[in-house]
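Visitor: I'd like to ask you about the structure that follows.
The values are calculated or read from the model by the stated rules, or taken from the named source; none is laboratory data. Keep in mind that this is a model prediction, so the values were computed, not measured. Positions of Cβ are generated from backbone atoms using ideal geometry, with glycine treated the same way; all protein chains shown enter the neighbour counts.
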Amino acid sequence: MNQLIECVPNFSEGRDEAVINEIVQEIKNTQGARLLNVDPGKATNRTVVTFAGSPEDVIEAAFKAIKKAAELIDMSTHKGEHPRMGATDVCPLIPLANITMEECVVFAKKLAKRVSEELDIPTYLYEAAASAEYRNNLSVIREGEYEGLEKKLKDPQWAPDYGKPVFNAKSGATVIGARDFLIAYNVNLNTSSTRIANAIAFDVREKGREKRIGHPVLGQLVLDEAEEPVRIPGTLKSVKAIGWYIEEYGIAQISMNLTNMNITPVHIAFDEVVRKGMDRGTRVTGSEIVGMVPKSVLVDAGKYFLAKQKRSVGVPEEELIRIAILSLGLNDISVFKPEERIIEYMLEEGNRNPLNKLTIRDFANLTSSESPAPGGGSISAYVGALGISLGTMVANLSAARRGWEEKTEFFSDMAYRGQVLKEELLNLVDEDTRAFNKVMDAFGLPKTNEAEIAIRKQAIEDANVYASEVPLKVMETAFKAFDIIKPMCEQGNPNSITDGGVGALCTRTAMEGAYWNIRTNVNGIKNEDMKKSLLKKSGNLMEEGIKREAEIKAIVVGKLDK
């Protein structure tokens with residue numbers, strides 16, 4: 001499987017569109033690197049660019065962009081609200097798929113070495129790539145910023161990891177590293193007071209504030225036995241934060257870096273700032289995400305806010321994201337477009353579920369045309385999606401039923417599980433068609449010599465195996481729907497008993513249709529052991545599916561007869 005990494009360089013230019021476009025164009029022109037987002041900030045005078053691709057392609061694109069930034073940005077005249085020390089201030093590599101952090105470190109070092117050698121820019125390594133523990137933290141490396149860099153380079157303790165300790169007045173220095181996904185997140189306040197914003201930032205950030213006697217700012221520092229200031233920790237782990245005033249918006253913000261979204265996710269950070277803001281007499285009006293985020297960030301936020309409302313979280317993905325945007329106030333100062341800000345959506349753009357995007361009429365029309373795909377396999381997956389959708393509907397109606405409040409969590413959990421299965425089956429609608437196309441493509445390969453014949457033969461074998469594995473996945477996924485549909489028919493809203501029953505009928509149809517596809521597709525497989533294994537798995541699963549459908553039909557008919 002292909003390795004995939006993300007790169008999020010921060011360039012010290014957020015106002016000159018021509019300069020930003022030239023830098024970004026270097027990334028666009030690099031084959032294999034996919035530009036995902038460009039997020040300039042006028043007040044910070046900084047642009048965050050997000051792109052992804054294979055490791056070699058990404059570091060090639062990153063080098064070209066760093067080189068162009070060095071040509072166009074003069075740090076000696078740069079001013080901006082955000083801490084910075086170079087034309088390309090920081091350039092992290094983030095593992096996305098099929099690659100370890102250790103492998104990302106190797107690529108980070110390769111990029112840093114090339115930048116220092118070919119561009120004469122001192123480079124530092126940070127986070128997972130750091131050469132020493134005291135260099136892990138970006139803010140520590142950047143302390144003193146560009147204005148203090150010349151002096152810092154003369155300190156042997158702060159010699160760059162790559163390059164000579166010589167001050168590059170035009171380009172400054174660049175920090176390159178490998179890290180987990182970091183979310184740059186700002187919360188908006190109904191005040192212009194930087195003092196209040198900083199106070200809230202100190203309340204929530206992990207390192208908190210220095211402890212003082214008397215006045216919280218002017219009072220005497222409390223020192224420990226080593227004569228170091230004692231700190232009062234903040235309430236949020238894995239969070240860095242400062243307060244600032246954004247002239248562009250006319251408001252103060254809490255600017256946070258969430259360095260581990262599994263420890264402190266966006267919605268928890270938001271709610272904590274809301275609480276601390278109220279304690280200090282100010283109100284949160286909304287927030288903004290800088291750059292891009294994984295889909296899970298907004299899905300989890302949507303679930304969190306729905307759960308707080310005692311509502312079912314088992315709603316479609318799009319609705320969870322909509323709730324997250326509303327609840328976090330992500331449209332407060334600019335329009336938040338999920339299709340442009342969610343990494344998975346951008347990576348899949350142009351090849352994202354083409355059948356899923358059709359209207360039901362267009363889907364039926366396409367199926368009824370002369371085209372051999374979509375065929376029975378895709379239809380089976382779609383029928384399965386409709387089956388679990390009915391079971392999920394019953395769960396949601398039951399969760400919302402008055403007088404059943406003590407059961408809301410149970411039905412909400414069932415509905416969410418149903419939504420997950422529905423999404424898997426909808427994806428399999430397209431995957432079955434792609435599997436069919438792979439078979440056609442394999443048969444279309446050249447066969448003019450022995451080498452080509454061997455390649456074509458293996459491609460056909462692999463394609464036929466895959467064309468059988470996809471409907472098996474449809475069967476396995478659809479079968480899980482019975483675990484939701486049965487309890488919904490037994491315990492769910494009695495007014496929806498037949499909806500659950502029809503869901504069971506659809507599920508059995510989906511399984512049997514996929515089973516027939518397996519039986520015909522395995523005929524093209526030469527590996528007899530593989531063929532027998534696929535037939536045995538699917539046959540056993542079909543037998544179980546027939547039994548489960550019969551159990552649910554008996555429940556439905558029994559209740560109808562009463």
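Visitor: Out of the range 129-144, which residues are crowded, with 22+ Cβ neighbours inside 10 Å and of a type in the set (D, E, K, R)?
Guide: The answer is 142, and nothing else.
Visitor: Under the condition of being among the polar types (S, T, N, Q) and in contact (Cβ under 8 Å) with a residue 12 or more places away in the chain, which residue from the range 448-506 is nearest to residue 536 (Cα to Cα)?
Guide: Checked the range 448-506; the qualifying residue nearest to residue 536 (Cα to Cα) is 468.
Visitor: If you go through the range 365-388 one residue at a time, do you hit one that is without any contact (Cβ under 8 Å) to a residue 40 or more places away in the chain, exposed (fewer than 12 other Cβ atoms within 10 Å of the Cβ), within 26 Å of the chain's Cα centre (by Cα) and in a helix (DSSP H, G or I)?
Guide: No, because not a single residue in the range 365-388 is without any contact (Cβ under 8 Å) to a residue 40 or more places away in the chain, exposed (fewer than 12 other Cβ atoms within 10 Å of the Cβ), within 26 Å of the chain's Cα centre (by Cα) and in a helix (DSSP H, G or I).
Visitor: Report yes if residue 323 is buried (at least 17 other Cβ atoms within 10 Å of the Cβ), in contact with a strand residue (DSSP E or B) (Cβ under 9 Å, 6 or more places away or on another chain) and in the same structural domain as residue 284 (by TED's automatic domain parsing), otherwise no.
Guide: No: the conditions fail for residue 323.
Visitor: Then there is this: Please go through the range 123-163 and give me each residue that is more than 23 Å from residue 93 (Cα to Cα) and assigned to a loop (DSSP other than H, G, I, E, B), ordered by number.
Guide: If the condition is that a residue be more than 23 Å from residue 93 (Cα to Cα) and assigned to a loop (DSSP other than H, G, I, E, B), then 144, 154, 155 are the ones that fit.
Visitor: Under the condition of being surrounded by fewer than 21 Cβ atoms within 10 Å (Cβ to Cβ) and among the polar types (S, T, N, Q), which residue from the range 266-294 is nearest to the chain's Cα centre (by Cα)?
Guide: Looking at the filtered set, the residue picked out is 285.
Visitor: Residue 10 - would you say it is under 17 Å from residue 172 (Cα atoms) and surrounded by 24 or more Cβ atoms within 10 Å (Cβ to Cβ)?
Guide: yes
Visitor: On the given criteria, is residue 509 over 23 Å from residue 377 (Cα atoms), in contact (Cβ under 8 Å) with a residue 40 or more places away in the chain and in a helix (DSSP H, G or I)?
Guide: When the stated conditions are applied, residue 509 does not pass them.
Visitor: Filter the range 218-236 down to the residues that are surrounded by 11 or more Cβ atoms within 10 Å (Cβ to Cβ) and part of a loop (DSSP other than H, G, I, E, B), then identify the one that is nearest to the chain's Cα centre (by Cα).
Guide: 236
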